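Asks: Before I ask anything, let me first share the structure, which is written out below as C-alpha cells.
Readers should treat all values here as calculations from the given coordinates under stated rules, not as data from a laboratory. In this text, all values refer to a predicted model and were calculated from it rather than measured experimentally. A quick note on method: Cβ atoms are made from the backbone with ideal geometry, for glycine too, and the neighbour counts reach across all protein chains shown.
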Amino acid sequence: MIELSTAPKQVDLGAARAAIERLNLGDPQVQGFGDGTAAMVRYQPPAGASADQVAGEVRTAITQALGQVKFDPPDVVGAKVSGELFSSGLMALGLAILLMMIYIWFRFELQFGIGAVVALFHDVILTFGIIAFFRLEFSLTTVAAILTVIGYSMNDTVVVFDRLRENLRKYKRMPLREVIDLSINETLSRTIITGLTAVLALAGLAVFGGPTLLGMSLVLMFGIIIGTYSSIYVAAPVILLWGVKRGEEEAQPLKPADVRP
C-alpha cells in the first residue's frame, strides 16, 4: 500500500487507476481520501518479484500519469497479518452465530434456535462460495458484509418465527405443516418486498460505487437473496422436522413414515 499526494491539485483517480492496471499487478485499487488531494494505492506484487522493485515501478507509472506526486513510504501486509485477519474474521462470524442462537433460544424455543442457526450456516457457507467463485478479497469490508448478511437473515427468520408462534397459539388443532405454510404465506409479501428494496439499493451501489465498493455490494446482494430464501426453505423445515410444544403438550417430531405428499 502506498499513499500519495498531489496537493494543492486534485488527484485524477481515473488516470492513476489506468496507470496501475497497465502494470498487470494483482488486485490493483486506487482510492481517494481527505480533501481529494490524497489517494491510497493498493496492489499485490507478482509471485517472486521484489517488493521494492514493484513499488518503484508503481511510483514511476503514477508520476507519468499525474505529474508531480509526493509519495509516503510503502506499507507491506505479509502472510502472517493476512492469516490473523482471516482467523479474527472467522472468530467474529462464529461468535455472531452463537449469540444469535442464544437469543432465539430464549425468545422462542431451542428448536427455533437450531433452525435459525442451520439457516445461518447455510447463508454463510454459500456467501463464502460466492467470494471464492468471484475471487473477491477477504478483507475487513468483506467480514462486515458477511456479518450484515447474518443480521439480515436472522431478522427475516425472526419475522417468520414470530408469526409461527402466534399461529401456533391461535390454531391449536391445525397440523404443524399447515401452520408453518400459513405463517410463511402471511409474511411472504413483507419478506420479498424488503429484500427486493435492499437489493435494488445495493445494485446502484455496485454500479456507481466504483471498484472499492463492488465486492462488498456483490456479497451483500447475494447474501440478502440467500437469507430471504433460507428463512422460508431452510429454517422453517427444521421446525417441521424437530416439532414444537403446543400448549402443555410435549413437542411431537415429524417421523419419516408420517410424511405424505
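Asks: For the chain, please report how many Lys pairs fall under 17 Å Cα to Cα, leaving out neighbours fewer than 8 apart on the same chain.
Replies: Counting lysine pairs in the chain gives 4.
Asks: Is the C-alpha gyration tensor of the chain telling us rounded, prolate or oblate? Criteria: a/c under 1.5 is rounded; beyond that, a/b larger than b/c is prolate, otherwise oblate. Please report the intermediate quantities before stating the final value.
Replies: Values: a/c = 3.65, a/b = 2.78, b/c = 1.31.
It is prolate, given that a/c is not under 1.5 and a/b is the larger ratio.
Asks: Taking the Cβ-Cβ separation of Tyr171 and Thr194 as r and a Förster radius of 35 Å, what is the calculated FRET efficiency to the nearest 0.05? Let's see the in-between values first.
Replies: On the way: r = 26 Å, r/R0 = 0.73.
Efficiency, from the Cβ-Cβ distance: 0.85.
Asks: Net charge near Gly14, counting Lys/Arg +1 and Asp/Glu -1 over other residues with Cβ under 14 Å of its Cβ? Can you show the working numbers first?
Replies: Values: positive: Arg17, Arg22; negative: Asp12, Glu21.
Residues near Gly14 contribute 0 overall.
Asks: Within the chain, what's the longest run with no chymotrypsin sites (Phe, Trp or Tyr not before Pro) in a DSSP loop and at most 15 other beta-carbon atoms within 10 Å? Give the range, please. Don't skip to the end; give the middle numbers.
Replies: On the way: sites that count: Phe134, Tyr171.
Here the longest run is 1-133.
Asks: Under the rule of -39500 (n - 2.57) per DSSP H run of 4 or more residues, summed and divided by the residues of the chain, what mean residue ellipticity at 222 nm is obtained, to the nearest 500 deg cm²/dmol?
Replies: About -22500 deg cm²/dmol.
Asks: Using Cα springs under 10 Å in a Gaussian network model of the chain, which residue among Ile102, Ile146, Ile180 shows the largest mean-square fluctuation?
Replies: Top of the fluctuation ranking is Ile102.
Asks: Helix 140-170: angle to the longest alpha-carbon principal axis of the chain, degrees 0 to 90, nearest 10?
Replies: Roughly 10 degrees between the two axes.
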